[in-house]
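A short reminder: the numbers here are calculations on the coordinates, not readings from a lab. In this text, all values refer to a predicted model and were calculated from it rather than measured experimentally. Reconstructed Cβ throughout: ideal geometry from the backbone, glycine too, with neighbour counts over all protein chains shown.
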Amino acid sequence: GAVVSQHPSWVICKSGTSVKIECRSLDFQATTMFWYRQFPKQSLMLMATSNEGSKATYEQGVEKDKFLINHASLTLSTLTVTSAHPEDSSFYICSASGTSAEQFFGPGTRLTVL
Amino acid sequence: GEDVEQSLFLSVREGDSSVINCTYTDSSSTYLYWYKQEPGAGLQLLTYIFSNMDMKQDQRLTVLLNKKDKHLSLRIADTQTGDSAIYFCAETSSYKLIFGSGTRLLVRP
């Protein structure tokens, strides 16, 4: 149980375009979802926390207009990178938690912006 | 501030034990975690320890917690090539996970 999926697993896009990444909890209801960013050979940095039906809470230094997060249902959260630029290239990982505080992680999405 | 530190790299021979160390800063962390990340993949929870425990053993994994020194370690017994990965410790701060920098474990045949 407690499986989290992400789609797509990798995406290449042109500079200036927007990219949407989906995070789904497949077998449980995720009241809270988290979005992390991981640069090569570095740790995970929390970008934002979203609760179903509420606006996301962004960490300091994360541009909310750049990284749009929607958590419209208990099984789906989306992260949209708007007007992507090469410096947005990274590995984006989501996690989800339900009734317990444990976070279950998705497999990640590798974004490359040309 | 919140800062979780780990050594960057560890190389061991197959069959030996591996010990990965971590220091954390938030003494109010209720749980401390160890995660494993294989190349190009997400994080897999390996084990966790409650903050009022000193030790937890789970098959080949042993977690030691020294709360006074804010030091956490993960020992992997009989390390196998499949254990090669990056290992992250994490502390909890409110509802958030704060991750260490990760230790890359290389297991030599």
How many of the residues in the stretch B:43-54 are in a loop (DSSP other than H, G, I, E, B) and either within 14 Å of another protein chain (Cβ to nearest Cβ) or in contact with a Cys (Cβ under 8 Å, 6 or more places away or on another chain) (or both)? 1
Considering residues that are surrounded by fewer than 17 Cβ atoms within 10 Å (Cβ to Cβ) and closer than 17 Å to B:T81 by Cα, the number found within the stretch B:5-39 is 10
Tally time: how many residues in the stretch A:70-106 are buried (at least 18 other Cβ atoms within 10 Å of the Cβ), within 14 Å of chain B (Cβ to nearest Cβ) and not hydroxyl-bearing (S, T, Y)? 8
Residue satisfying all of: in the stretch B:71-91; hydrophobic (A, V, I, L, M, F, W, C) and surrounded by 17 or more Cβ atoms within 10 Å (Cβ to Cβ); nearest to B:E38 (Cα to Cα) among these: B:A85
Of the conditions (1) surrounded by fewer than 21 Cβ atoms within 10 Å (Cβ to Cβ); (2) part of a loop (DSSP other than H, G, I, E, B); (3) more than 14 Å from chain B (Cβ to nearest Cβ), A:V62 clears all except one; give me its number. (3)
Looking only at the stretch A:41-59, filter to residues that are within 11 Å of another protein chain (Cβ to nearest Cβ) and not in a strand (DSSP E or B); which one of those is surrounded by the most Cβ atoms within 10 Å (Cβ to Cβ)? A:S43
Could you look through the stretch B:65-87, keep only residues that are part of a strand (DSSP E or B) and farther than 19 Å from B:S29 by Cβ, and pick out the one that is nearest to the other protein chains (Cβ to nearest Cβ)? B:I86
Given A:L114, A:L79, which one is of a type in the set (A, V, I, L, M) and within 26 Å of B:E91 (Cα to Cα)? A:L79
Among residues belonging to the stretch A:1-20 that are under 20 Å from B:E38 (Cβ atoms) and part of a strand (DSSP E or B), point out the one that is nearest to the chain's Cα centre (by Cα). A:Q6
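One line per residue, one yes/no per condition, for (1) in contact (Cβ under 8 Å) with a residue 12 or more places away in the chain; (2) outside any loop (DSSP other than H, G, I, E, B); (3) within 11 Å of chain A (Cβ to nearest Cβ); (4) among the small types (G, A, S):
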| position | (1), (2), (3), (4) |
| --- | --- |
| B:K56 | no, yes, no, no |
| B:V63 | yes, yes, no, no |
| B:C89 | yes, yes, yes, no |
| B:L106 | yes, yes, no, no |
